[in-house]
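A quick write-up on the structure given underneath.
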Amino acid sequence: MSFDLAQYGITVSNVFRNPSPAKLYEDAITYEKASITSVGALMNSSGKKTGRSPKDKRIVDNPESTNDIWWGDVNIKMPDSAFMQNRSRAIDYLNTRNHLYVIDAFAGWDPENRIKVRVVCARAYHALFMHNMLIRPTAEEFDNFGEPDFVVFNAGQFKADPTTASLTSNTSVNLSFERREFVILGSEYAGEMKKGVFTIMNYLMPKKGFLSMHCSANEGQDGDTSLFFGLSGTGKTTLSTEPNRKLIGDDEHYWTDHGVVNIEGGCYAKCINLSAESEPEIFKAIKFGTVLENTVFDPETRVVDYDDDSLTENTRASYPIHHIENIKEGGQGGHPKNIIFLTCDAFGVLPPVSKLTPEQAMYYFISGYTSKVAGTEVGIKEPQPTFSACFGAAFLVWHPTKYAELLKANMEKYGSKVWLVNTGWSGGAYGVGKRLSIKVTRAIIDGIHDGSINEAEYQTDDIFGLSVPTTCPGVPSEVLLPENSWTDKAAYRETAQKLAMSFHKNFKTFEDQASEEIRSAGPKFNG
């Protein structure tokens, strides 16, 4: 179906608007050397960029929004003139193509707050990716779509001009809230579009007084909603996807006066080392309509080798959420009964589970802590603390305290409990202790969901100030109190003090806008 893009300065006559996945398969194979795997997924390459380029993200500095934005390493300023140079460059490139694709769809499942997004791109794989990741309109909604709220111009095959003001490379990912446009140059990694839309929602929702969140969400049989926050490697996807609870969404949500809303219409799962045994739901979701990004397969059988990281460790699968069998139809849930912060503490000093006060919840939310272990990056010889504000600093627009204040207000208004769950080490740091088993962590999550953990007696940790249950069904009691699981008690306290100091050092970035209540909710240390 041809579509007129003249209003953007695009004169290409062969434009396909919301083409079918089958059409996009055909074009990706014909023009992009894509392949079909043994289970019917479309496999394609993102080129040299196999991940996001956060250092190349820019936001236009405009008087209307400048005081709202958390400027710095995450949100780097760009003058409007430079944005227009990049926009012109993108339009010029798109005008050289024989054909283009337009995806018109929604971000946000609730009609009251969702936005209309238009994606203009030159690659069939990019169009299929956003067909999956955005919420597909019904036939009636498509006929009455009208003008979009935001437009994404993806000219990622064409490099940016590094001499343009504020740029430092030939990759540029630019957002103008006032022009309501998002421009991509120099990167064909599809995740840039997904996270660009999330960044937009991370600005718009708090402006309405709603908390936008980088988290997964599910719903129990009694209609109780849980949120799971956590950085890579903490178990967010694994723990939020379970047979007894319906998946609302796996990555991006906002919390309105009516409850939790999924932003997306699909999932973007990591698939390195994926197996039917380890993550059966995701494994079964990879079929016709799925985009496999940067994976490798057997050239004869077309069977994907999910253990192959020769192109990147960041291999991905994008599929519509209905490819997951046990989902909450309509992408919405009630107000969260439980909010779970997941962390993988390789120092082995945080309890497997602890209950947080509202102030502690804000502190640990702003901190967004997990840790890296030896072997994850070049040069790491021992555990290293890692912090990402609100468990997604790269996508924040407002200062982290804005999101934390909204979290606290919602917790108090709707009675949500917040838990810090450590999926990392016990009995010692990495190399000495052992990682907590998935069986133990699932028992903890079950205890949170069935309420049995609320019946336990609690003890306060004297360094981190955390309220720790002394019993939990299915969990050895000595594991619940970390110091008890360490043979060398002096080493435990020394390691705990070291981690506490890392928290304080990280939080200095936020002290100027954090209240005394939040600052005092952090760990205590001698030094």
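The values are calculated or read from the model by the stated rules, or taken from the named source; none is laboratory data. Note that this is a predicted model, so its numbers are computed, not measured. Ideal geometry is used to build each Cβ from the backbone, glycine not excepted, and the neighbour counts take in all protein chains shown. Calculation scope for accessible area: heavy atoms of the full protein, side chains included, ligands and nucleic acids excluded. Shrake-Rupley method; radii C 1.70, N 1.55, O 1.52, S 1.80 Å.
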In the range 488-527, what trypsin sites (Lys or Arg not before Pro) fall in a loop by DSSP, with at most 13 other Cβ atoms inside 10 Å?
Lys508, Lys524
Run the 1.4 Å probe and let me know the accessible area of Val151, rounded to the nearest 10 Å².
10
The longest stretch of the chain containing none of the GluC sites (Glu not before Pro) that sit in a DSSP loop with at most 14 other Cβ atoms within 10 Å is 179-276
Distance in nm between His322 and His99 label points, each 7 Å along Cα→Cβ, equals 2.5
Karplus-derived 3J(HN,Hα) from phi for the range 382-392 (6.51 cos²θ - 1.76 cosθ + 1.60, θ = phi - 60°), whole Hz, x at Gly and Pro, runs 9, x, 10, x, 10, 10, 9, 3, 6, 6, x
Neighbour net charge for Ile76 - beta-carbon separation under 11 angstrom, K R +1, D E -1
+1
Select from Asn44, Met411, Ser81 the residue farthest towards the positive end of the dipole of the chain; place +1 on Cβ of Lys and Arg, -1 on Cβ of Asp and Glu, and compute about the Cα centre.
Ser81
When the accessible area of the range 401-514 is split by element with a 1.4 Å probe, what percent falls to carbon and sulfur?
50
Write down the accessible area per residue of the range 378-437 in Å², having rolled a 1.4 Å probe over the full set of protein chains.
40
What's the carbon and sulfur percent of the range 86-134's accessible surface, probe 1.4 angstrom, rounded to a whole number?
40
Residue-normalised accessible area of the range 445-527, given per residue in Å² at a 1.4 Å probe
53
Could you give the accessible area per residue of the range 28-155, probe 1.4 Å, as a whole number in Å²?
41
Which residue, Ile463, Phe510, Gly451, has the largest displacement toward the positive end of the dipole of the range 438-527 when charges sit on each Cβ (Lys, Arg +1; Asp, Glu -1)?
Phe510
Would you mind counting up the charge near Leu406? Only other residues with Cβ under 15 Å from its Cβ, with Lys and Arg at +1 and Asp and Glu at -1.
0
Using the alpha-carbon atoms, what tilt in degrees (0 to 90, nearest 10) does helix 124-133 show relative to the longest principal axis of the chain?
40
How far is helix 21-32 tilted, in degrees, relative to the longest principal axis of the Cα atoms in the chain, given as a value from 0 to 90 rounded to the nearest 10?
80
About the Cα centre of the chain, what is the dipole size in debye to 20, counting +1 per Lys and Arg Cβ and -1 per Asp and Glu Cβ, all else neutral?
880
Label model pair Lys284, Asp73: point-to-point distance (7 angstrom along the Cα→beta-carbon line) in nm is 4.2
If you rank Asp488, Asp110 by how much accessible surface each has, with a 1.4 Å probe, what is the order from largest down?
Asp488, Asp110
Above-threshold pairs, the threshold being 27 Å between Cα atoms, out of Lys194/Lys236; Lys408/Lys505; Lys287/Lys434
Lys287/Lys434
Amide H contacts of Ser371 (H built 1.01 Å from N, under 5 Å, at least 5 apart or other chain)
Cys344, Ala346, Thr386
From phi via Karplus (6.51, -1.76, 1.60), per-residue ³J(HN,Hα) for the range 234-248 in Hz, x at Gly/Pro:
8, x, 4, 5, 4, 7, 8, 9, 9, x, 8, 9, 7, 6, 7
Read phi for every residue in the range 324-331 and hand back ³J(HN,Hα) as whole Hz from Karplus 6.51 cos²θ - 1.76 cosθ + 1.60, θ = phi - 60°, with x for Gly and Pro.
7, 5, 9, 10, 8, 4, x, x
Name the residues whose placed amide hydrogens come within less than 5 Å of the amide hydrogen of Trp109, ignoring near sequence neighbours (fewer than 5 apart) on the same chain.
Asn262
Taking the Cα atoms only, what angle lies between the long axis of helix 400-414 and the longest principal axis of the chain, rounded to 10 degrees?
70
Can you give the calculated 222 nm mean residue ellipticity of the chain, where each DSSP H run of n ≥ 4 adds -39,500 (n - 2.57) and the sum is split over every residue, rounded to the nearest 500 deg cm²/dmol?
-7500 deg cm²/dmol
Less than 14 Å Cβ to Cβ from Ser520, Lys/Arg counted +1 and Asp/Glu -1: what total charge do the surrounding residues give?
-2
